[in-house]
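To keep things clear, I will list the structure first and then write my remarks on it.
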Amino acid sequence: MISQFAGAQGPHRHFDLVVAGGTVITASHRERLTIGIRDGQVTALLDPKVDWQANHVIDARGLFVLPGAVDAHVHFREPGLVRKEGFVSGTRAAAAGGVTTVMVMPTDQPWTFTPQDFKEKRTLLSGQAHVDVALQAALAGDLSNIDSVEELVAAGAISFELFLGDVPPAYVIGDNGKLLEAFARVTAAGSVVGVSPADDGVIGLRMQRISREGGRDLAAFFRSRPPESEVMGVARACVMAEATGARVHLRQMSTRPAIALLRDFRRRANGLSAEVTPHNLLFSDTSVAALGPYAKVAPPLREEDHRIAAWEGLADGTLDIVATDHAPHLESEKEAGRDDIWKAPGGFPGVQTLVPLMLNSAAAGDLSYQDVVRLVSENPARLFGLFPRKGTIAVGADADLIIVDPQRESIIRNEDQHSRARVTPFAGRRVRGAVTTTLLRGSVIMQDGVVADTASGQFVAPDRGQSQHC
Ligand SMILES: [Zn+2]
């Protein structure tokens, strides 16, 4: 039971909106309930037999009602790179796919380093965002902005992103003393460190050799980011996490040895958490060879054994969440790598396909529907201080809901993507389980693939008192 009858006795059972007849699924419950919504929040969860009145009703008979997904890792390219994406196109893709909160990475032009950068980015999203948006800040490779940490926390930064490799040199934290200092400072400010693990020394050596040998195709790029690059980054982050007691979230884990190392450290340092992308769960390196530059992504798609290790990591809790690393680029930019993979940028869109792909995994029996909610809604909200406002269906939570037809089959198509990048490596994949309706704070923002015109998304800041481990 969730909290039946809570918040709505007798004459108070009158709501702005009721979602009736559906099976409500959260990470911990699965039950037929009537959802009463007032002022954008869930105010009652009622036994279906109980009477109620409402201004509007959504009939969810035969359908599932899940909390909207929370994607903890997207690049929306605004400011500065809006030819690739922006708050409008990125959040429309999110709404279409059942993602009601996104955490936006700081890697735009400029990167989000200073309180001024942060405030300007926050101003940009208002009136443009169709879903709620949290913003991440970055620490520069030389820690030149470290004295801004406290002010960025006060401004509502959801995390501080540190890049250990595979980004331009100015952004790489290569020095362990600096890494230790960054972890300690962010921890003292009560925030979360996000780490993108990699090792430029390992990557550089590999790339030199592969170029010398004439490697120009997708497989050559994949070989240039070997598992030991990720392992070195994860090792550095884990050692520092243990030393400082920092809350450290590892981005895009993709290899068996790195997941094994993290599993080991998690027994000792309880501030660690980690994510995996849908593409590293669902593609191996050879399954996308025909896509060429459109499947170029870092960390790369891996051999089958690494893909299996990612599923094992989800099953035993070494990996906490699935996040997309939505990284859009234009088709023209991708095409530049058709004959020479090094000329294409890495990354592809993902925020719109996250929930359908995970629902399909549940339909196939690889996960339960409750697992899906845990991995894409509740855990990301918990890890970054947005729970229980986000990530669940409970009295007092925002009425961010998705209505799901678990039986509806569809084929993912490029022409249905709202991202400016348009081309998804998942195009052509048949999925069972469709998001038919997305609600943000009690308003319908997507119905049957049509995104509402009103951009009602808001900036959301973490409640650090609520930041939890999973
Ligand atoms: Zn990313």
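Taking the range 396-420 on its own, how many of its residues are in a loop (DSSP other than H, G, I, E, B), out of contact with any Asp or Glu (no Cβ under 7 Å at 6 or more places or on another chain) and either surrounded by 19 or more Cβ atoms within 10 Å (Cβ to Cβ) or free of Cβ contacts under 8 Å to residues at least 40 places away in the same chain (or both)?
7
Across the range 223-256, which residue is farthest from the ligand (Cβ to nearest atom) among those that are in a loop (DSSP other than H, G, I, E, B) and within 21 Å of Asp285 (Cα to Cα)?
Looking at residues that are in a loop (DSSP other than H, G, I, E, B) and within 21 Å of Asp285 (Cα to Cα), I get Pro226.
I'm trying to understand the selection: among the residues of the range 80-109, which are part of a loop (DSSP other than H, G, I, E, B) and in contact with a helix residue (DSSP H, G or I) (Cβ under 6 Å, 6 or more places away or on another chain)?
Gly98
Of all residues in the range 44-63, how many are part of a strand (DSSP E or B) and either surrounded by 23 or more Cβ atoms within 10 Å (Cβ to Cβ) or over 28 Å from the mean Cα position of the chain (by Cα) (or both)?
9
Please state which one of Thr91, Thr123, Thr43, Thr101 is under 23 Å from Lys390 (Cβ atoms), polar (S, T, N, Q) and without any contact (Cβ under 8 Å) to a residue 24 or more places away in the chain.
When all the criteria are applied, what remains is Thr123.
Looking at Leu330, Leu375, which one is buried (at least 24 other Cβ atoms within 10 Å of the Cβ) and in contact (Cβ under 8 Å) with a residue 12 or more places away in the chain?
When all the criteria are applied, what remains is Leu375.
Glu415 fails exactly one of the following numbered conditions: (1) of a type outside the set (A, V, I, L, M); (2) more than 16 Å from the ligand (Cβ to nearest atom); (3) under 21 Å from the mean Cα position of the chain (by Cα). What is the number of that condition?
It fails just one condition, (3).
Restricting to helices (runs of 4 or more DSSP H) lying wholly in the range 127-219: which have 1 or more residues that are among the acidic types (Asp, Glu) and either under 24 Å from Pro462 (Cβ atoms) or within 16 Å of the ligand (Cβ to nearest atom) (or both)?
149-155, 176-188
On the basis of being under 18 Å from the mean Cα position of the chain (by Cα), more than 15 Å from the ligand (Cβ to nearest atom) and at pLDDT 95 or above, does Val276 make the cut?
The answer is no for Val276.
The values are calculated or read from the model by the stated rules, or taken from the named source; none is laboratory data. Please read all numbers here as calculations on a predicted model, not as lab measurements. Because the Cβ atoms are built from the backbone with ideal geometry, glycine has one as well, and the counts that use them run over all protein chains shown.
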